[in-house]
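Trainee: Take this structure first; my questions come after.
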Amino acid sequence: FFFSISVGPHQTMRPLLLLFCYLKVATAFVSASRGGVAPSSTSLAGGYDATIGADPKTPIQFFVLPGNTCPYVQRTHITLIELGLPYDVTEVTGMPKPDWYLKINPRGKVPAIRVPTADYAVIYESAICNEFLCDYATFRQQKQTLMPMDPFLRAKIRLLNDHCDNVFSKTQFTFLMNKDEAKDEELCTEMEEALRMYEDALVESKGPYLLGEDFTIADLHLLPFIQRLTITLKHWKGYELPTDKFPKLVEWVQSCLERDSVKASSMTREKTIEVYSRFVEADYSFGGLNKNK
């Protein structure tokens, strides 16, 4: 079961040749055949229609899990709001993912975005989606600061994001899911060592954000995980980010939480605990991030 929520005005995006070429070379590109005339309504009914699309005038179709529960989806949700791009949201439910969605994204993951006016091109993986959206906004001659043009800053963003995905998030979820209290101190230390990179980046940039004055992809890539850390680790481990070790990071969290895009894409504290209670009870692997297994 799934449904669509219309967000922002429907404006037709021109199927420009350069955009299409960009999509062709993107590593997460999938060409989705229309297979017929797309229905005019944005209320999807499932099955074959879902592989065709919603409103053909919809600039961007955004596929998510229900309830703002996924940190990867939240990254792209924040990006869309920050860029002010109009989009439709389609919630994908069920496990395994339904066949109609696997035709859109064979990996079955969220988030994914689809651009009906670019031959129904599909982009997935949150980091790729977010860079695409920034490049697309720039291509439309829209001023944006989420992804700067400076190649050195772009490389710095990617290094910070790689650290989040391949180092920090593993330490976070391994500490959270650990059931052996004797190991908690060691795992906490490993997590704090991973967090040091962000404290150092904030000191270097002089804040309030990881690259300085501008809120960028580096911030929105990390924030959903830190946001969940501050709630879940306090609830299950009695842990809070120590201000003596991470004064800049604590300030950064508050600055990010005040942004409208973050407020609109976030779960409440109560909802976060409810969702993660199921994960903790099931000793969830978090896609391999929980290294206790």
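The values are calculated or read from the model by the stated rules, or taken from the named source; none is laboratory data. Keep in mind that what you see is a predicted model, and the values were worked out from it rather than measured. Virtual Cβ from ideal backbone geometry, glycine too; neighbours counted across all protein chains shown. All accessible areas refer to the heavy atoms of the entire protein, side chains included, with ligands and DNA or RNA removed. Shrake-Rupley method; radii C 1.70, N 1.55, O 1.52, S 1.80 Å.
Trainee: Looking at (1) assigned to a helix (DSSP H, G or I); (2) more than 21 Å from Arg196 (Cα to Cα); (3) in contact with a helix residue (DSSP H, G or I) (Cβ under 9 Å, 6 or more places away or on another chain), can you tell me which one Ile157 breaks?
Mentor: (2)
Trainee: Out of all the residues in segment 159-175, which are within 12 Å of Leu211 (Cβ to Cβ) and either hydroxyl-bearing (Ser, Thr, Tyr) or open to solvent by 30 Å² or more (accessible area, probe 1.4 Å) (or both)?
Mentor: Leu159
Trainee: Let me ask you something else. From the list Ala218, Ala182, pick out the single residue that is under 25 Å from the mean Cα position of the chain (by Cα) and small (Gly, Ala, Ser).
Mentor: The match here is Ala218.
Trainee: From the list Thr138, Thr93, pick out the single residue that is in contact with a Pro (Cβ under 7 Å, 6 or more places away or on another chain), surrounded by fewer than 23 Cβ atoms within 10 Å (Cβ to Cβ) and of a type in the set (Val, Ile, Thr).
Mentor: Exactly one of Thr138, Thr93 is in contact with a Pro (Cβ under 7 Å, 6 or more places away or on another chain), surrounded by fewer than 23 Cβ atoms within 10 Å (Cβ to Cβ) and of a type in the set (Val, Ile, Thr), namely Thr93.
Trainee: Turning to a different aspect of this structure: Of the residues Tyr72, Tyr120, only one is open to solvent by less than 10 Å² (accessible area, probe 1.4 Å), among the aromatic types (Phe, Trp, Tyr) and in contact with a Ser or Thr (Cβ under 9 Å, 6 or more places away or on another chain); which?
Mentor: Sole residue among the options that is open to solvent by less than 10 Å² (accessible area, probe 1.4 Å), among the aromatic types (Phe, Trp, Tyr) and in contact with a Ser or Thr (Cβ under 9 Å, 6 or more places away or on another chain): Tyr120.
Trainee: Among (1) without any contact (Cβ under 8 Å) to a residue 40 or more places away in the chain; (2) within 23 Å of the chain's Cα centre (by Cα), which single condition is Ser169 missing?
Mentor: The number of the failed condition is (1).
Trainee: Mind telling me which of the residues Ala137, Ala118 ends up being at pLDDT 85 or above and not polar (S, T, N, Q)?
Mentor: Residue meeting the stated conditions: Ala137.
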